[in-house]
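Peer 1: First the structure, then my questions, so here it is.
The values are calculated or read from the model by the stated rules, or taken from the named source; none is laboratory data. All values derive from a computational prediction rather than experimental measurement. All Cβ positions, even for glycine, are placed from backbone atoms using ideal geometry, and neighbour counts span all protein chains on display. Keep in mind that these areas ignore ligands, DNA and RNA; they rest on the heavy atoms of the full protein, side chains included. Shrake-Rupley method; radii C 1.70, N 1.55, O 1.52, S 1.80 Å.
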Amino acid sequence: MLLPSLPHLPPALLLLPLLLVQGWFWGRYFRPFTRRPAEAAATEPGPDARPVSIILCAHNELENLRELVPLLLRQDYAAGFELVLIDDRSQDDTYLYAQQLSQYYPGRFRLVTVTHTPAGFSPKKYALTLGIKAARYEHLLFTDADCRPVSPDWLRLMQRGFSQKSGADIVLGFSAYAEAPGLLNQLIRYETLLTGAQYLGLAWAGKPYMGVGRNLAYTKATFNSTKGFASHIRRLSGDDDLLVQDAVAAGARVAVVADPEAQTLSQPAATWRAWWRQKRRHLSAGSRYRAADRRRLAFFMGSNALFYLLTPAILAFGLSRENLVSLGIIWLARTLLLGFTYSALARRLCTALPALALPVLDFLYFVLYCAWGLSLLKRRPLQWK
């Protein structure tokens, strides 16, 4: 008995499962995050009862410190705070500047000087460990020297993350990059938007997996529960995301605070080469993520990359009318969904990106993402300051 032959299906339909995976991810994690209620306004009464230690690690960052430190010391926070500046092997006049701050702000400013890093240790993790040990208060808030809090209420709003109903041990914030002309800047800001949507959206859905050290808070108890950076002290990167990984595995609870006044603004890489090195360093920590997090991210990032990689092969397979029509419909559907979802994310995170450029930026980003992944297979040494 002959079985009925299956109808010929256009090869373009191979992209449909990939689009469904992306659509599910957007609907499950991104869309709910764009609709989440805003944090309480900074002008409203809030639980600002616990003092905070702001931790800032700097290596030859004198000019940035001259701009950043006054902004930090002017934060509006009733319970009081201290600034712990870690001078990590600086060869400029950071130490002299810190001495002046100690005279002007006695009891409000604390200097930790690092003269050398033990062999094989991550310089920043070692420096941060010393700074955390020197901090006076239980609640710690971290940023980088090239960042700027966008408002004097940054500290207040980030601190309120600890007071959410979940009783958080970690508070994840968002740090955007400053806008500048050119394609490189648009790509950097698009990548930051997409990364922020992933780690904030998943954390909001109860699946936290990383944060960024440019805007991150946690308690000393959380740091001690992971034995600090002990599990990855020799890895160059991971002072933020791998710390979050270890803390969540140890039972830490995570809150998200991403409203405009709770953000920081960073200076982006000025050259393609600098951005390439930066992203290789960031992505290198991914191999240490928990298996469930790696699978979840692999489904989303892999489905996007495969969508682009398979399209030329599908075109080469056949140019029939059915194939081209199917391909066009699938691409149009993805473009509309991408524009709708990412425009909403950009508004939620106050990132100004032209809506019409989003499909192009998405394509270029995933081309680079594949290139970064391949470059990490070569195991070239990563670089730090």
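Peer 1: Can you give the convex hull volume per residue for the Cα atoms of the range 74-166, as a whole number of Å³? Don't jump to the answer; show the numbers that get you there.
Peer 2: Numbers: hull volume 12.0 nm³, N = 93.
Given the Cα convex hull of the range 74-166, per-residue volume reads 129 Å³.
Peer 1: Considering Cα pairs under 8 angstrom that are at least six residues apart, work out the relative contact order of the chain and quote it in whole percent. Intermediate results must be reported in sequence, preceding the final value.
Peer 2: Values: 581 pairs, mean separation 86.3, N = 385.
22 percent.
Peer 1: Dividing the Cα radius of gyration by the Kirkwood radius, what Rg/Rh value follows for the range 153-299?
Peer 2: On the way: Rg = 15.2 Å, Rh = 15.9 Å.
Expressed as Rg/Rh, it is 0.96.
Peer 1: Per residue, how large is the accessible surface of the chain? Use a 1.4 angstrom probe and give square angstrom. The partial results should precede the final answer.
Peer 2: Working: 18020 Å² over 385 residues.
Accessible area per residue: 47 Å².
Peer 1: Okay, next question. Quick check: convex hull of the Cα atoms in the range 4-145, volume per residue, rounded to a whole Å³? Provide the component values of the computation, followed by the final result.
Peer 2: Numbers: hull volume 34.0 nm³, N = 142.
Taking only Cα atoms, the range 4-145 has a hull volume of 239 Å³ per residue.
Peer 1: If you average 1/r over every pair of different alpha-carbon atoms in the range 260-385 and take one over that average, what Kirkwood value in Å do you get?
Peer 2: Details: mean 1/r = 0.0575 Å⁻¹.
In the range 260-385 this quantity evaluates to 17.4 Å.
Peer 1: Computed on alpha carbon atoms, what radius of gyration and Dmax characterise the chain, expressed in Å?
Peer 2: Every Cα atom of the chain included, Rg and Dmax give 22.8, 95 Å.
Peer 1: I've got another one for you. Apply the Karplus parameterisation 6.51 cos²θ - 1.76 cosθ + 1.60, with θ equal to phi minus 60°, to every residue of the range 200-206 and state each ³J(HN,Hα) to the nearest whole Hz, in sequence, with x for glycine and proline.
Peer 2: With the stated coefficients, the range 200-206 comes to 6, x, 5, 5, 5, 8, x Hz.
Peer 1: How large, in percent, is the carbon and sulfur part of the accessible surface of the range 77-173 at a probe radius of 1.4 Å?
Peer 2: Carbon plus sulfur share of accessible area: 51 percent.
Peer 1: What Kirkwood radius, in Å to one decimal, follows from the Cα pairs of the range 227-310? Working shown, then result.
Peer 2: Details: mean 1/r = 0.0646 Å⁻¹.
Its Kirkwood hydrodynamic radius stands at 15.5 Å.
Peer 1: Using amide H atoms built in the peptide plane, which far-off residues or other-chain residues are under 5 Å from Ala176 H to H?
Peer 2: Thr264, Ser266
Peer 1: Restricting to bridges with both residues inside the chain, how much of the DSSP beta-bridge set is antiparallel, in percent to the nearest 5?
Peer 2: Details: 10 of 35 bridges.
Of those bridges, close to 30 percent are antiparallel.
Peer 1: Could you tell me the relative contact order of the range 224-330? Use alpha-carbon pairs under 8 Å, at least six residues apart, and round to a whole percent. Walk me through the intermediate numbers first.
Peer 2: Numbers: 30 pairs, mean separation 28.6, N = 107.
Relative contact order, the range 224-330: 27 percent.
Peer 1: Enumerate lysine pairs in the chain that are 8 or more residues apart or on different chains, then count those whose Cα atoms are under 13 Å apart.
Peer 2: Values: Lys124/Lys385; Lys125/Lys133; Lys125/Lys227; Lys125/Lys385; Lys133/Lys220; Lys133/Lys227.
Close lysine pairs under the 13 Å cut-off: 6.
Peer 1: Springs between alpha-carbon pairs under 10 angstrom, Gaussian network model over the chain: which of Leu141, Leu101, Leu83 fluctuates most?
Peer 2: Highest fluctuation of the listed residues: Leu101.
Peer 1: Evaluate the charge dipole of the range 101-244 about its Cα centre and quote only its size in Debye, nearest 20, assuming +1 on the Cβ of each Lys and Arg and -1 on the Cβ of each Asp and Glu. Walk me through the intermediate numbers first.
Peer 2: Numbers: 17 positive and 10 negative charges, 94 e Å.
Using Cβ point charges on Lys, Arg, Asp and Glu, the range 101-244 gives about 460 debye.
Peer 1: Set Lys and Arg Cβ to +1 and Asp and Glu Cβ to -1, take the dipole of the chain about its Cα centre, and tell me which of Thr195, Tyr209, Ser90 lies farthest positive.
Peer 2: Toward the positive end, the furthest listed residue is Tyr209.
Peer 1: If you place +1 on the Cβ of every Lys and Arg and -1 on the Cβ of every Asp and Glu, how big does the dipole about the Cα centre of the chain come out, in debye to the nearest 20?
Peer 2: Rounded to the nearest 20 debye, it is 1140 debye.
Peer 1: Of all accessible surface on the range 243-385 at a 1.4 Å probe, what whole percent is carbon and sulfur? It would help to have the intermediate numbers written out before the result.
Peer 2: Details: 5030 of 7540 Å².
Percent of accessible area from carbon and sulfur atoms in the range 243-385: 67.
Peer 1: Would you mind telling me the antiparallel percentage of the DSSP bridges in the range 149-276, rounded to 5?
Peer 2: Close to 40 percent.
Peer 1: Something else about it: Can you run the Rg to Rh ratio on the range 262-308? Use alpha carbon positions and the Kirkwood inverse-distance Rh. Write out the running numbers ahead of the final one.
Peer 2: Working: Rg = 14.1 Å, Rh = 13.0 Å.
The Rg/Rh ratio comes out at 1.08.
Peer 1: So, one more: Just name one of Leu18, Leu358, Ser225: the one whose Cα is farthest towards the positive end of the charge dipole of the chain (beta-carbon charges, Lys/Arg +1, Asp/Glu -1).
Peer 2: Leu18
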